[in-house]
1. Could you say which residue among B:SER365, B:SER262 is buried (at least 18 other Cβ atoms within 10 Å of the Cβ) and at positive phi?
2. Under 8 Å between Cβ atoms, which residue pairs at least 6 apart in sequence (or on different chains) link something in the range B:410-424 that is touching a residue at least 12 places away in the same chain (Cβ under 8 Å) with a partner that is among the basic types (Lys, Arg)?
3. Within the set of pairs 6 or more residues apart or between chains, which connect a residue that is more than 7 Å from chain B (Cβ to nearest Cβ) and farther than 21 Å from A:LEU427 by Cα inside the range A:175-186 to a residue that is open to solvent by 30 Å² or more (accessible area, probe 1.4 Å) and in a helix (DSSP H, G or I) with Cβ atoms less than 8 Å apart?
4. Restricting attention to the range A:442-451, does a residue exist that is among the charged types (D, E, K, R) and either closer than 20 Å to A:ALA128 by Cβ or crowded, with 20+ Cβ neighbours inside 10 Å (or both)?
5. Do you know which residues across the range A:336-354 are part of a helix (DSSP H, G or I) and out of contact with any Gly (no Cβ under 8 Å at 6 or more places or on another chain)?
6. Consider A:THR186 carefully, then state whether it is over 24 Å from A:ILE352 (Cβ atoms) and either surrounded by fewer than 23 Cβ atoms within 10 Å (Cβ to Cβ) or not assigned by TED's automatic domain parsing to the domain that holds A:ASN379 (or both).
7. Do we find that A:TYR53 is in the same structural domain as A:THR400 (by TED's automatic domain parsing), among the hydroxyl-bearing types (Ser, Thr, Tyr) and surrounded by fewer than 22 Cβ atoms within 10 Å (Cβ to Cβ) in this structure?
8. Quick check: is even one residue across the range A:309-322 open to solvent by 60 Å² or more (accessible area, probe 1.4 Å), part of a loop (DSSP other than H, G, I, E, B) and modelled with pLDDT of 85 or more?
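The values are calculated or read from the model by the stated rules, or taken from the named source; none is laboratory data. If you're wondering where the values come from, they're calculated on a predicted model, not measured in any experiment. Positions of Cβ are backbone-derived with ideal geometry, glycine not excepted, and every protein chain shown enters the neighbour counts. Quick note on the areas: whole protein, heavy atoms, side chains included, nothing else; ligands and nucleic acids left out. Shrake-Rupley method; radii C 1.70, N 1.55, O 1.52, S 1.80 Å.
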2 protein chains.
Amino acid sequence: MASPSRQAVNFAAPRGFATAFKADCKETFFPDDPFHEMKHEKPLNKLKKTIQYFIPLFEWLPNYNLRLFRYDLLAGITITSLAIPQGISYAKLANIPPIYGLYSSFIPPFVYSIFGSSKHLAVGTVAACSLLLSETVGAKASPQDDPTLYLHLIFTATFFTGIFQTALGFLRLGILVDFLSHSTITGFMGGTAIIICLQQLKGMLGLIHFTTHTDVVSVLGAVFRHRNEWRWESAVVGIIFLAFLQFTRYLRQKRPKLFWVSAIAPMVVVVVGCIFAFFAHAEKHGIQIVGELKKGLNPPSIQYLNFDPQYLPVTVRAGLITGLIAMAEGIAIGRSFAIMKSEQTDGNKEMIAFGFMNIIGSFTSCYLTTGPFSKTAVNFNAGCRTAMSNVVMGFCMMLTLLFLAPLFRYTPLVALSAIIMSAMLGLINYDEMIHLFKVDKFDFVICMAAFLGVSFISMDVGLMLSVGLALLRALLYVARPAACKLGKIPNSSLYRDTEQYPGSTPIQGVLVLQLGSPIYFANSTYIRERVLRYIKEEQGVSDSKTDIIEHLLLDLSGVSSIDMTGIETFLELRRILDSKGIKLSIVNPRIEVLEKLTLAKFTDAIGKESFFLSIEDAVQNCRFSLHSSKTTMEEP
Amino acid sequence: MASPSRQAVNFAAPRGFATAFKADCKETFFPDDPFHEMKHEKPLNKLKKTIQYFIPLFEWLPNYNLRLFRYDLLAGITITSLAIPQGISYAKLANIPPIYGLYSSFIPPFVYSIFGSSKHLAVGTVAACSLLLSETVGAKASPQDDPTLYLHLIFTATFFTGIFQTALGFLRLGILVDFLSHSTITGFMGGTAIIICLQQLKGMLGLIHFTTHTDVVSVLGAVFRHRNEWRWESAVVGIIFLAFLQFTRYLRQKRPKLFWVSAIAPMVVVVVGCIFAFFAHAEKHGIQIVGELKKGLNPPSIQYLNFDPQYLPVTVRAGLITGLIAMAEGIAIGRSFAIMKSEQTDGNKEMIAFGFMNIIGSFTSCYLTTGPFSKTAVNFNAGCRTAMSNVVMGFCMMLTLLFLAPLFRYTPLVALSAIIMSAMLGLINYDEMIHLFKVDKFDFVICMAAFLGVSFISMDVGLMLSVGLALLRALLYVARPAACKLGKIPNSSLYRDTEQYPGSTPIQGVLVLQLGSPIYFANSTYIRERVLRYIKEEQGVSDSKTDIIEHLLLDLSGVSSIDMTGIETFLELRRILDSKGIKLSIVNPRIEVLEKLTLAKFTDAIGKESFFLSIEDAVQNCRFSLHSSKTTMEEP
């Protein structure tokens, strides 16, 4: 029954500070250990691998061939047909002239194809960030009253986004993105989709006056206040376009092979809209059109970056928030598609690629770009093989800008609204929200905080509210770690939670507790209270003197670290237990914990003989001492 | 070698939301389960116990007798002799007339003796909070230019402190105090002691002009700028007093029996100082005295509470910060002494007692009080038995206020400075700081942030800096949980960290990983990366095809909870592993984790047969499937 030989706890000398610190830093910033493979290479190979590591282009280009290019060409042309209508639409959402949306799909794809590590990501502008930019920057400079200043501030914000993303990438702070939880993103996307759809009512109903606020109440208020401006012609055309787009989406869900129908549908809507507007003289019937689009490539915009201290706070703030969201979206999307092909993307490399893309973009009349979901999904489905599809898209956009741009001047605004609305309706993830509600109520609250916060207050407030709640939860996890009482499972040497395994039996006179998570300042008081309460409960059950607790075993297998306050608590706990005549033993401390306990002389205080490698060992030992004490008591 | 019968994981139906939520709330707010004992009582007894619970006076008073009173009387008189000089000194530190320091030792002790749960705590004002109050409130209203307004704001801040403390107590939010770590308090106390000592240079050198800032640079600057005001007479008297006080402290350390010498030393200094000043006409020699002290008890001050919106932010802020610090100090001190006698104090009850003390105090011309360390230690050493010693002190203070107050008008300021300096020098805990440096470098940084922040910037900035760092650390713990690879310890069924126990051997074809701490949004990306890296490392070691990993066992014993992002990560991990041909098994999930996994249908996705109760079981199972697959491979 007893294990034949007792296994000893390893009391090796604690590692030095430098060793432990280096190990900690590595775990914190390089969890993926990127240079692992290069360790055993020759210097020349090492240099080559390092260059390949930082510039992924050199990794895939040498092996590139015509067969792969055929796939990428097709995918590139398909995403261009999506890039044109989306570029124009989202630029309208950001309150800047539509041509800048097209510019933004020309330069950034080339940059990404050099530095990006994902094979499937398609570069472009995104609706949520476009609206967030206009909301944040628009609060300081009006896009109507001073469009030039407003445009320059948008470029500046894009520049800051780029700097921020690059810096995070080089500092390997991908960890920041980790703090945007799944629930936060679901809620944020849903809320954003709602407010963007409502924004489109302006285009759909052909309104002239509108509000600059984005929350549901203001927008609906503005829509109904300007009832006299509603144009039925515009609404009818819009509903027809929207119905067509939604039908193609439905088709894609039913027959995944027909994905290309929904991929080119927005382009179809734009072309049909243009032809209709041109021949029907739509402007005269209250259907507004995009208006003049100049021929020609991106003009430089580096001279327009505005670092005036008056506007600095707003541009920096807009840059940081949109940068973080764009990054989170881009990285998450790149990752999801890579997983489907069992490949991996590197979050930190992606950040650097996005950063360069936005810095260079802000110099060349582009605004914020990242990897939008819809475009990437189309790229993936169209069979792209490498980042070359982005290069193809860049060339197609160049041709469009050089020759075709003026043709799009007749695009009706209502067509753009229909395209945006259709894209946004797909982003409200009802199923996920219901799933969250069923599985985890707190996650649901975090999700709803983002959803309702974005819908009813503003995008950044909603986001911060949700992240704040998630952090609060993280701190509560830490402040109230799970502890449980263990019992022996019959016919085995296993000890498990008595609540979870009602069949397990406690050992007479011995209380076995399992502590989870790190022990430190935020939870040490709780742990002390909780342990003492377990003892009180245990002794309360039976008042007979024979069933009193004589030994407390603390199983520290799940305790990954401890700080000074935690150690003080252990010392305090031991004093209290001593005064109650209970002996404390420690089971299976992990290396970091044992090091600290040794350094703080706790090991010496309670004696190395009170440390055990397994609960079974400890219980055997207790049984021995229990038995002997009983014999002594019986002797007189 | 194999366990005879496989123990099954308990897949009971998940608990309902209400049950789980109630259990969580109980763990969060009632970790000490205060009503546990009352459950099985009769209604009348229940009422009695409830009253006794909320008003501890009724618990000890019925059993009180003359024998206990003898001890408390002695202790009460001893602490009064400390209360008078400290009251006057700290009131000077708070920049309010000295008489209010005496008032503050009259009413609050009575309140505490009714509601307080500690037997040893002696009520009084504290240096750190006095200075912090004057620093915060002084920024808005000058104590020199408008002393009446300043005094009223101090009362108002005290009122807010009381409201805040009471509210926290009733809401059972003692959890907030947990976020002030041991290291933060050590650093904060040390830094405060330094700046308070420097403040005393004004009194010691007899300066007239001084600065309102508290940081080291400003104070030393002010001292040296006013070199012409230095008075050697004052300095000589001060140094003599300080030397005497330090000598009595030294005596106490050498001979603990003589504690009463150091306890009455401040009173001796005051009395000697008064006599000296009276006969030597000290004022004419540049030694300033306290000045007029009116006879009489506390006048009401409820009508002076100032809720003017102009001053509200500063009084609320001062109230919250000083309230939190005072509470942390008082609770920690009460607890330390209770432990020495193997008794317990209740943090939440203490908060309510402190809260009532300060609310009633603010109505009766008292300012912020708590349980100061020096007074409580003296009370404990003088042999107090119950909170009656506070009542005795209250009566003694009443007599002092009624008859003796005017006698203290000759107290030289330099004597008060010597008393404060001597008290503060004992609060700089060098040993603890060195200990922190040795055991935990990050804790040392947290401590130094408070120490240097308080010394060189300001008290609240230093405190927030330190708490912020501590929280950052808590989040990092959570974001980068420890994971380790397990190996089998020879001749046992134990699996332990291979780094910690180099003797343990890995199992061919099976990788066993132990995860610690909760798995959720902040660490799920990291966990995925880390697990994949372990697999890469494992397969990198040997390139031979035979040694490939076929099974991954995740030991979740130490994982206390999981959220949606964590579950998504597990699903993602499983997809990646599937594509690599590695089978995932879960070992010993805890009840909360298993519930969530079941609800999210993860259990169904990987199959219940992939869950094991112990690593040994899982390894046996893997070995079986490994063996069978090898046989199949060898067959052709």
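1. Selected residue: B:SER365, the only one of B:SER365, B:SER262 that is buried (at least 18 other Cβ atoms within 10 Å of the Cβ) and at positive phi.
2. Every condition considered, the pairs that remain are B:LEU413/B:LYS92; B:LEU416/B:LYS92; B:SER417/B:LYS202; B:SER422/B:ARG249.
3. Sorted first by the residue in the range A:175-186, then by its partner, the pairs are A:LEU176/A:LEU324.
4. At the first step, the residues of the range A:442-451 found to be among the charged types (D, E, K, R) are A:443.
Filter once more, keeping what is either closer than 20 Å to A:ALA128 by Cβ or crowded, with 20+ Cβ neighbours inside 10 Å (or both): A:443.
Yes - at least one qualifying residue is present in the range A:442-451.
5. Passing the criteria: A:SER336, A:PHE337, A:ALA338, A:ILE339, A:MET340.
6. no
7. no
8. So far as the range A:309-322 goes, yes, one or more of its residues are open to solvent by 60 Å² or more (accessible area, probe 1.4 Å), part of a loop (DSSP other than H, G, I, E, B) and modelled with pLDDT of 85 or more.
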